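What follows is a single structure, written as structure tokens, with notes after it.
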Amino acid sequence: MSRWRRRPARGADWAAVALALALGPVSMPGPAPAESWTLGGDARAYGFLRADDPEGGRRDAELVIGRLKLDGTLPERLGVEAHGVFSLLSPAATPAARIAPAGTTRRFLGLQHTFPSGDDASMTLEADRLNVRWERGGLRLVAGRQAITWGVNVFWPALDLFAPFGPERIDREYKPGVDAVRGTLALGELSQIEVVGAALGSSLARDGSAGALARVNLGPADVGLMVGRFHADTVAGGFVTANVRGTGLRGEVAFTDSGDAGDAEIGRRRFWRAGLGLDRQLTTTVSVTGELAWNGFGATRPGDYPSIAGADRVRRGELNGLGRSYFGGAVSWQAHPLLTLTGTGLVNLGDGSALLLPQADWSLSDSVGLVVGGAFGIGRGPRGVSRPESEYGGAPQLLYAALKVYF
């Protein structure tokens, strides 16, 4: 299978992706591997065209990302993973960064450098993965910068507090790494308990986090229970996934007791988040996914969106919605073995606005692919600078194309 066709999953394929991420790396006893090293990477060049430039005419933006990946297996059951990433975004402040994989997340270790370049461009060099792992029997320990995913939902995860993807993100192949120590103990072939201690920001006192997630396979269903302290919050929740006559069902819920004084000021001292989703392969070439989400931290009317957007948990990317209730859906059609067409829609059910994300993925060769798509906001636009009438109505109208090369 070509490396290009291992692109981010769409449609009902998301069910398998969500379950794989939820189960994580379950280690079973086995012989110690021999020493080996692999070196690879990829380069991605995005071009964006904004069709609704408020200053009139059109505005372009470019994003180039290069990633070099090193993975090694050492004696004594040790392993090393390192990813170096270079990114160039021009101009430095562009609405395209909302949907493109150009952003980063708050981290504890200073493994990133931004080169001075003014407003015309932003150039960054960082280590997105840098960790060492050790495995023995059913125990796996990983220390350093790594990608961690908890929960099973796709658009608005409730349990994923480790740099989750935004629902509008167009490229999900690499999740941002976080600085953490993670221990995973296999309880069986499909069951495990995972404990994580992480620093999700520059201050251990403010951003230190620790939690545990137990995943248990019950035959036709998988159940997870989570509890932890993230930043100054106490969070507890769980998830469930099941397959019912070919339809993948998933759901998760989380309760947060906030320790942020700013949340108390806006009446968000305690709140719930939840989501329900399904995935279905309709034919051999057509699949669908759908998800309903509830965000108890969100606002009930657009006039309160600015106060929600200013909350620290929104600015750090933990929450990716300003309203209370949402629906997300996607339809994926494999029109040709080398061409996949996907239509994704995100709807704020409270204010009636929507964000449409059509995309076409074309495999040019075993290691080269072309992506073409757009992002179109629908809904009432803002009145003035700080008076939003809807969440997605003021979103920029974007067209984009991307060339991806794997090596």
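The values are calculated or read from the model by the stated rules, or taken from the named source; none is laboratory data. The shown structure was predicted, so the numbers you read here are calculated from the model rather than taken from an experiment. Here Cβ is always computed from backbone atoms with ideal geometry, including for glycine, and neighbour counts include all displayed protein chains. Quick note on the areas: whole protein, heavy atoms, side chains included, nothing else; ligands and nucleic acids left out. Shrake-Rupley method; radii C 1.70, N 1.55, O 1.52, S 1.80 Å.
Would you mind telling me the share, in percent, of accessible area of the chain contributed by carbon and sulfur at probe 1.4 angstrom?
C and S fraction of accessible area: 62 percent.
Within the range 128-160, name every residue whose backbone N is under 16 Å away from a label modeled 7 Å from Cα of LEU190 along the Cβ vector.
So the set is 152.
Dipole of the range 330-407 (Lys/Arg Cβ +1, Asp/Glu Cβ -1, origin at the Cα centre): which of PRO388, GLY369, LEU399 lies farthest to the positive side?
Farthest towards the positive pole: PRO388.
Find which of GLY298, GLY177, ALA43 sits farthest along the positive direction of the dipole of the chain, computed with +1 on the beta-carbon of Lys and Arg, -1 on that of Asp and Glu, about the Cα centre.
It is GLY298.
Could you state the accessible area per residue of the chain in Å², with a 1.4 Å probe and every protein chain left in place?
Averaged over the residues of the chain, the accessible area is 45 Å².
Using each residue's phi in the range 339-352, evaluate 6.51 cos²θ - 1.76 cosθ + 1.60 at θ = phi - 60° and report the 3J(HN,Hα) Karplus result to the nearest Hz, with x for Gly and Pro.
9, 10, 10, 9, x, 10, x, 10, 10, 7, 6, x, 10, x
Under a plain spin-label model, where a point goes 7 Å from the Cα along Cα-to-Cβ, how far apart in nm are HIS113 and VAL80?
2.0 nm
Here are a few candidate values for percent of Cα pairs over 30 Å apart: (i) 56; (ii) 43; (iii) 66. Which one was actually calculated from the structure I just gave you?
Only one option fits the structure, namely (ii).
Ignoring ligands, DNA and RNA, how do ARG133, ARG280, ARG387 rank by accessible area with a 1.4 Å probe, largest first?
If we order ARG133, ARG280, ARG387 from most to least accessible, we get ARG387, ARG280, ARG133.
From the backbone phi of the range 192-200, what are the Karplus-calculated ³J(HN,Hα) couplings (6.51 cos²θ - 1.76 cosθ + 1.60, θ = phi - 60°) in whole Hz, Gly and Pro given as x?
In residue order, the calculated couplings are 6, 10, 10, 10, 10, x, 9, 10, 9 Hz.
Kindly provide the Kirkwood hydrodynamic radius of the range 279-351 in Å, to one decimal, from all pairs of distinct alpha carbon atoms.
About 14.2 Å for the range 279-351.
Over the range 315-407, how many percent of alpha carbon pairs lie in each 10 Å bin up to the one with the longest distance?
15, 35, 29, 16, 4
Heads up, I need the accessible area for ILE99: 1.4 angstrom probe, whole protein in place, Å², nearest 10.
10 Å²
Tell me the accessible surface of LEU218 in square angstrom (1.4 angstrom probe, heavy atoms of protein chains only), to the nearest ten.
110 Å²
Given 20 °C and 1.002 mPa s, how large is the Stokes-Einstein diffusion coefficient of the range 103-155 in µm²/s, with Rh as the Kirkwood radius over Cα pairs?
Reported coefficient: 150 µm²/s.
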